[in-house]
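Structure first, then comments.
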Amino acid sequence: MTIGAVLMVIGHFAMAFDVTFLVAMTCLLIGVGCFKGNLAGQVSALYGRDDPRVVDAFQTYVFGIQVAVVVSPLVCGTLGETLGWHWGFGAAGVGMLIGLITYLSGRRWLAPEAPIRRREKPAGPALSANAWRQIAMLVLFIPLLALASVGNNQIGNSYLIWAETTLDRRIFNFTIPTTWLFSMESGFTGAAIIASVAFWRWWAKRRGETDELTKMAVGAVLGCIAPLFLALASQVAAATGHKAAFIWAPAMAVFNELGWANLFIPALSLFSRVSPRALNATMIGAFYLNVFLSNMLIGYLGGWLEKMSGAAFWMMHVGFMVPATVLIILLVPLARRVFGETTAK
């Protein structure tokens, strides 16, 4: 964790200079690799293996990330566009340094780590057949998560281009910059996380605790609805010859972010909680492959934005999301049997 954070601090400061671009990218990539999986593993280690509060913990964890997603475009992006990108990346380095200091000052509250010993023999017993079945089931979810989240991941890509040409971003005499739409979306994410935590706690008091698998299925369904708003907005714009009203953006954001909060975060919690302890950080790293696969796909799909109507473009995303959502729902009973007692009912 500390090595990863230090590398990212170096990487952000190195991004402030053109000559150190490749060094900066190398530090950032290696730093994220050391940082992300181990940080999520430390969140999981704060709770027992069958403690349902771990999902709330990951909601809080991701909420902190979303605060940064809202603030960083406003701070770093504004500095970059007004004063120069040297200032923007420098500000990112300062933010990362503050984060590292905060993390180190809070280490005493983390779960104790096993002491480092020189290995004279192969470490630990071999994984059981049941553990391998659980790993296989988790891996099976990775491509389904990737497909179910293509609509959400497209928000940071082609959505901004679509909004530039299709959405009326004027409010009174002010035109909202398209980059602000990303910050707005992140603000909805934070609200969706809070709303999801409150709802599932209310539900638990009346109907009992809900497992991650059910939340994932609910989130996938909600996510499928979000691109429909953009398809309808495109249809309205095409029919009237005028840009679509701005209200379509927040309407989409509500379903998009509620879907993401109930799909991505419970899935991350599930991977962290169910994975064998010896492979916990590795499996969390494998979980993030769904983001990689999804972004590879949205990059390809984004190339079709100029070749088809807006309505057809967004319905194409729904066409990928719905089959994946159906498969997630169908896999829930089997996954419960495979994960057994490690998954709360």
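The values are calculated or read from the model by the stated rules, or taken from the named source; none is laboratory data. Everything quoted here is computed from the prediction, not taken from an experiment. Heads up, the Cβs are rebuilt from the backbone with ideal geometry, glycines too, and the neighbour counts pull from every protein chain shown.
Here are the numbers for the structure shown:
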item	result
Single match in Gly41, Gly11, Gly4 (criterion: in a helix (DSSP H, G or I) and modelled with pLDDT under 85)	Gly41
Qualifying residue in region 286-296 (condition: in contact (Cβ under 8 Å) with a residue 40 or more places away in the chain, surrounded by fewer than 20 Cβ atoms within 10 Å (Cβ to Cβ) and among the hydroxyl-bearing types (Ser, Thr, Tyr))	yes
Search result, residues across region 288-332 that are among the small types (Gly, Ala, Ser) and in a helix (DSSP H, G or I)	Ser294, Gly299, Gly302, Gly310, Ala311, Ala312, Gly319, Ala324
Test: residue in region 211-225 that is in a helix (DSSP H, G or I), surrounded by fewer than 16 Cβ atoms within 10 Å (Cβ to Cβ) and at pLDDT below 95	no
Looking only at region 181-205, and only at residues there that are among the charged types (D, E, K, R) and more than 16 Å from the chain's Cα centre (by Cα), the one that is farthest from Ile155 (Cα to Cα)	Lys205
First in region 313-340 and more than 30 Å from Thr166 (Cβ to Cβ), second anywhere and assigned to a helix (DSSP H, G or I) and among the hydroxyl-bearing types (Ser, Thr, Tyr), Cβ under 8 Å, 6 or more apart	Val332/Thr214
Complete set of residues in region 69-112 that are over 19 Å from Ile10 (Cβ atoms), among the hydrophobic types (A, V, I, L, M, F, W, C) and under 24 Å from the mean Cα position of the chain (by Cα)	Val69, Val70, Val71, Leu74, Val75, Leu110
Filter result for Ala237 (under 17 Å from Asn152 (Cα atoms) and in contact (Cβ under 8 Å) with a residue 60 or more places away in the chain)	no
Any hit, region 77-92, residues being in the same structural domain as Met8 (by TED's automatic domain parsing), over 30 Å from Ile265 (Cα atoms), assigned to a helix (DSSP H, G or I) and modelled with pLDDT under 80	yes
Residue identified as hydrophobic (A, V, I, L, M, F, W, C), under 17 Å from Arg277 (Cα atoms) and in contact with a Lys or Arg (Cβ under 9 Å, 6 or more places away or on another chain) among Val43, Val54	Val54
Any chance Leu258 is at pLDDT 95 or above and of a type in the set (A, V, I, L, M)	yes
Boolean, Ala238 is assigned to a helix (DSSP H, G or I), surrounded by 15 or more Cβ atoms within 10 Å (Cβ to Cβ), modelled with pLDDT of 90 or more and not assigned by TED's automatic domain parsing to the domain that holds Tyr61	no
Residues (assigned to a helix (DSSP H, G or I) and either surrounded by fewer than 22 Cβ atoms within 10 Å (Cβ to Cβ) or outside the structural domain of Pro266 (by TED's automatic domain parsing) (or both)) located in region 163-180	Glu164, Thr165, Thr166, Thr178, Thr179, Trp180
